[in-house]
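Please read the structure below before turning to the comments.
The values are calculated or read from the model by the stated rules, or taken from the named source; none is laboratory data. Here the structure is a predicted model, which means the values were calculated and not measured. Cβ sites come from the backbone with ideal geometry, for glycine too, and all protein chains shown count toward neighbours. The area values use the complete protein model at the heavy-atom level, side chains included, leaving out ligands, DNA and RNA. Shrake-Rupley method; radii C 1.70, N 1.55, O 1.52, S 1.80 Å.
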Amino acid sequence: MASQGSKRNEIEKLDREYTLGTWTRQRDFDPTQVVDTDGPRLVTADGSSILDFSSQYVCTSLGYDAERVSDAVADQVRTVPYVTPAWSTEPRARLSEMLAEITPGSLKKTFYSTSGTEANEVAIKMARAYTGKHRILSRYRSYHGATAASLSASGDPRRVAQGPDVQPQVPGMVKGPDPYAYGSSLDPDQSLEYIDEMLKLEGDTVAAVLVEPLVGSNGVLTPPDDYLPRLREIAHDHGALLICDEVMTGFGRTGEWFASGLYDTVPDIITMAKGITGSYQPLAATTVTEEVAEFFEDNLLNQGHTFAGHPTACAAGVAAIETYREENLLENAREMGEYLKSELESLAERHPSVGERRGVGLHQGLELTRSETERVPFERREDKVSSRRTVLDEVSAHTLDQGVYFYTSVNTIVVTPPLTITRDHVDEALGVLDEALERSDAAMDG
Ligand SMILES: Cc1ncc(COP(=O)(O)O)c(C=O)c1O
């Protein structure tokens, strides 16, 4: 499908010449031009139609036919395209009210920004101000964003790649273990005890425990049901807030509005982006409990962005939530999630290179292994920032050639289609993946 290297078209050449690519050595930057979209599919300049089982890094949860959202954006652009955050607009007020409705428990007030990164930066700043403490405890297998504090809080290989001499870490970031049972030395219970111990040993100087309730790009790690409520209790016992980063898991991906709702847990702060508008507009949000919000009645909230609460982005947010509701997309995520899960389980049974299936709803992943008896990854953590072509790259290149896109990350094939998919889409995508996994089976040891 894609035009690459010497086969680049004029636009791809132009783009390559004048644009710097993200998270890559520029030599490896080779973007394919997308000219159209159709439901859950992308159409590229060479006429290929690609079924997108990544939702573009878990962004386009509504697929590409959400007319209500496109219309809301167009209408807003024609009436009030922009005012600074000091002014009020109907879409911002309505969206804030809707977020209070769909977030769990007493979460009520929202601070807006434009990326998941910023949403987490604000959450960290608020937790520090609220508790008067500075340390943030996050986990090794996590990604919270690209700028100084959010990247320092991430355990992702991209933090390590930055190097301490190029970008020193923001002080006060400590890392705990993950709820990752497969091939790991600590089981999820022990990892919780370890975090409890860490909070004790840090002498109650921790402002917040920051976690993705279901880890996304660091391996789709799925905790046991009692993990998140116990983590909240442990954090609170040590006077720390619980911040749930729901940038990937928010907005119905797991079949609940937020993954914290899956585990009946009310975090003190939830951060979100991506699905909030189905990515029809860039928008992110940090929603806090009434108690945290109350603190800032008399204390300075020392943060702001020119585009905070941008009217067209908020209009997209309102229309997106209406679309999730009217099209019963959470229910579809639950139903299709069950079907997808059982089909992935049967792939795992057929292919010895699939070590473990993990995930909930339409947030699924397959971790591959070289060995039939234990976890021996094909892709090392550092490969996320290397140019080495791994077996997982070959598997996803094969599916792409056959018209289905999956993204891979840290030895895991991530399976996160739009919430609008049908059983036919699942059958089509997994039929192609089934064939592609023969490559990883063939690459196994012995
Ligand atoms: C869990 C999580 N948090 C934060 C971010 C950062 O969001 P953004 O890329 O919008 O800055 C991401 C991005 O993928 C993410 O997956």
K13 accessible area, assembled protein chains, probe 1.4 Å, Å²:
100
Run the dipole for the chain about the Cα centre, Lys and Arg Cβ at +1, Asp and Glu Cβ at -1, nothing else charged, and hand back the magnitude in debye, nearest 20.
1400
When the accessible area of the chain is computed with all protein chains present and a 1.4 Å probe, what percentage of it is carbon and sulfur?
47
With label points built 7 Å along Cα→Cβ from the Cα atoms of T37 and E233, find their separation and express it in nm.
4.3
Taking every DSSP beta bridge with both residues inside the chain, roughly what % is antiparallel (nearest 5)?
65
Tell me the per residue accessible area of the chain using a 1.4 Å probe; a whole number in Å² is fine.
43
Give the separation of the Cα centroids, region 138-164 to region 409-445, in Å.
28
Based on the alpha carbon coordinates of region 171-210, what radius of gyration and maximum Cα-Cα distance (Dmax) apply, in Å?
11.0, 32
Over all pairs of distinct alpha carbons, what does the Kirkwood formula give as the hydrodynamic radius of region 268-321, in Å?
12.3
Can you give me the C-alpha center-to-center distance between region 189-249 and region 284-300, rounded to a whole angstrom?
21
Please compute, for the alpha-carbon atoms of region 113-167, the extent along each of the three principal axes and give them in descending order in Å.
32, 25, 21
Name the most mobile residue of T205, T312, T373, meaning the one with the largest mean-square fluctuation, in a Gaussian network model of the chain with Cα contacts below 10 Å.
T373
Heads up, region 26-159 by the C-alpha gyration tensor (a ≥ b ≥ c square roots of eigenvalues; a/c under 1.5 rounded, else a/b over b/c prolate, else oblate) looks oblate
Spin-label model distance (nm) - Y18 vs D226, 7 Å beyond Cα toward Cβ
6.0
Please report, in debye to the nearest 20, how large the charge dipole of region 177-314 is about its Cα centre when each Lys and Arg carries +1 at its beta carbon and each Asp and Glu carries -1 there.
760
Pairs K133/K175; K108/K341; K109/K133; K274/K384; K125/K175; K109/K274: which exceed 24 Å Cα-Cα?
K108/K341
For the chain, set up a GNM with springs between Cα atoms under 10 Å and report which of Q281, Q402, Q33 has the largest fluctuation.
Q33
For region 67-326, what proportion of DSSP beta bridges, expressed in % and rounded to the nearest 5, is antiparallel?
40
Taking the dipole about the Cα centre of the chain, with the C-beta of Lys and Arg at +1 and of Asp and Glu at -1, give me whichever of T412, L199, H351 is farthest to the positive side.
L199
Using the 2.2 N^0.38 Å rule of thumb for compact globular proteins, work out how region 67-326 stacks up: its C-alpha Rg over that value, please.
0.99
How large is the charge dipole for region 67-326, taken about the Cα centre, if only the Cβ atoms of Lys, Arg (+1) and Asp, Glu (-1) carry charge, to the nearest 20 debye?
800
Rh (Kirkwood; distinct C-alpha pairs) - region 197-270, Å
12.6
Compare E326, E356 by solvent-accessible area with a 1.4 Å probe and give them largest first, with all protein chains kept in place.
E326, E356
Relative counts (whole %) of C-alpha pair distances in the chain, using bins that are 10 Å wide
4, 21, 31, 28, 13, 2, 0
